[in-house]
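Notes to accompany the following structure.
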There are 2 protein chains.
Amino acid sequence: MPDAPAPAPLTERQRQIARAARQLLDAEGPDAVTMRRIADVLGIKAPSLYKHVPDKTALEALLITEGFVELAEALEAVAGRLPALGRAYRRYALHHPHLYRLMNYRPLRRDLLPPGVEDRAAFPLLAAVGHDGDRARALWAFAHGMVSLEIDGRFPPGADLDEAWRAGLAAFG
Amino acid sequence: MPDAPAPAPLTERQRQIARAARQLLDAEGPDAVTMRRIADVLGIKAPSLYKHVPDKTALEALLITEGFVELAEALEAVAGRLPALGRAYRRYALHHPHLYRLMNYRPLRRDLLPPGVEDRAAFPLLAAVGHDGDRARALWAFAHGMVSLEIDGRFPPGADLDEAWRAGLAAFG
DNA sequence: GGTCGGGGCTAACGGCGTTAGCCGCCCCCT
DNA sequence: AGGGGGCGGCTAACGCCGTTAGCCCCGACC
């Protein structure tokens with residue numbers, strides 16, 4: 001297991017920084033999440049952030065961790081029935097599109113994440129298809145494809161996405 | 001139809017610029033595609049590029065158009081049978097991961113693309129499911145999800161992606 | 001009471017996309 | 001043949017980005 005040896009709990013200041021970053025991300029999108037903007041929110045200067053966080057990548061890892069925990073909670077709340085799981089996945093992604101992109105639109109820096117957090121979010125999906133890894137990955141791909149294309153406005157304006165979800169999920173039931 | 005009124009064929013210099021950008025993208029990834037690097041390849045200075053291209057967004061649109069045409073050609077070559085279509089989609093994405101991301105990981109600036117180029121790439125998918133829009137979108141989401149998660153290394157190391165593809169495509173057959 | 005370190009600060013670097021303004025050269029028109 | 005215009009280079013510079021170096025204050029602790 002070449003992953004992180006210890007989670008190292010956050011200091012108060014680190015939590016404040018993560019909160020400021022999250023707030024900027026949700027409210028204005030990824031371009032607003034700059035070290036200077038974050039510092040502004042806290043009433044300090046950008047270089048001072050580096051007394052608390054090694055770099056921006058580590059800061060993003062905090063937000064990604066937050067996202068995985070929230071997504072896991074959302075999925076666990078409806079675990080079991082497959083259509084409800086799909087709705088919960090879609091609902092979370094659409095409510096936090098910027099964070100969803102941060103989490104899922106790039107290679108994951110697993111070395112910067114607390115161990116287990118990714119597996120926890122994946123578990124409800126896996127369980128919903130009877131712990132069949134191949135079908136779970138296909139289902140995940142479908143769900144991720146649907147929400148990412150929806151988030152990015154790639155479907156035609158009139159498209160009935162509920163129906164596309166139904167058509168896709170029916171196949172995996 | 002609020003889209004582009006005329007395609008406006010490219011000048012020789014514009015084609016050279018697009019070629020230089022494509023070469024940097026394929027060889028070194030998106031971070032290498034800067035106006036200065038592109039200018040270096042052509043032996044000129046960055047500001048001179050603006051005599052030929054309005055801005056970087058328009059330049060990216062040239063690459064995205066290229067990508068859609070290439071993807072359409074790849075899909076048309078195997079049009080009909082569904083598993084082959086999936087293999088062709090996956091094959092193209094994996095051979096040009098940086099361009100695939102440029103094309104598909106963000107909202108599409110359709111106003112900067114020649115009309116019809118997006119529909120042309122989508123047509124083989126649509127035809128493969130008997131022109132059922134909902135199922136076509138579900139299939140597209142599955143394919144996009146699979147390749148994007150694979151490109152970003154999000155699947156576990158040992159995962160049998162051929163099997164996941166088979167499991168997913170079987171549902172849409 | 002002296003030391004030390006946590007946590008601020010300013011200044012600065014190199015990179016980014018982009019704009020303003022200049023100029024040389026070639027082509028075309030008279 | 002002479003003159004004008006515009007194409008397509010150039011340099012300098014702006015405001016942004018992440019990040020580093022180096023300084024200093026202040027409070028806690030021996």
Scanning region B:18-74 residue by residue, those touching a His at 6+ places or on another chain (Cβ under 9 Å), more than 10 Å from DNA strand C (Cβ to nearest atom) and not in a helix (DSSP H, G or I) turn out to be B:G29
Quiz item: Looking at B:A171, is it of a type in the set (G, A, S) and modelled with pLDDT of 95 or more?
Solution: no
The residue that is farthest from the other protein chains (Cβ to nearest Cβ), considering only those in region A:54-69 that are under 12 Å from A:I17 (Cβ atoms), more than 8 Å from DNA strand D (Cβ to nearest atom) and open to solvent by less than 30 Å² (accessible area, probe 1.4 Å), is A:A58
When (1) at pLDDT 95 or above; (2) more than 13 Å from DNA strand C (Cβ to nearest atom); (3) more than 20 Å from B:L10 (Cα to Cα); (4) open to solvent by less than 60 Å² (accessible area, probe 1.4 Å) are applied to B:A77, the one that fails is (4)
For region A:128-163 the number of residues that are more than 8 Å from every other protein chain (Cβ to nearest Cβ), more than 22 Å from B:P157 (Cβ to Cβ) and of a type in the set (A, V, I, L, M, F, W, C) is 3
Checked region A:36-50 for anything near DNA strand D (Cβ under 9 Å from one of its atoms) and touching a residue at least 24 places away in the same chain (Cβ under 8 Å); matches are A:L49
Within region B:147-160, is even one residue among the charged types (D, E, K, R), under 20 Å from the mean Cα position of the chain (by Cα) and open to solvent by 40 Å² or more (accessible area, probe 1.4 Å)?
yes
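The values are calculated or read from the model by the stated rules, or taken from the named source; none is laboratory data. Remember, it's a predicted structure, so these values are computed and weren't measured experimentally. FYI the Cβ positions are ideal-geometry reconstructions off the backbone, even for glycines, and counts take in every protein chain you see. Side chains are part of the model used for accessible areas, which takes the heavy atoms of the whole protein and leaves out ligands, DNA and RNA. Shrake-Rupley method; radii C 1.70, N 1.55, O 1.52, S 1.80 Å.
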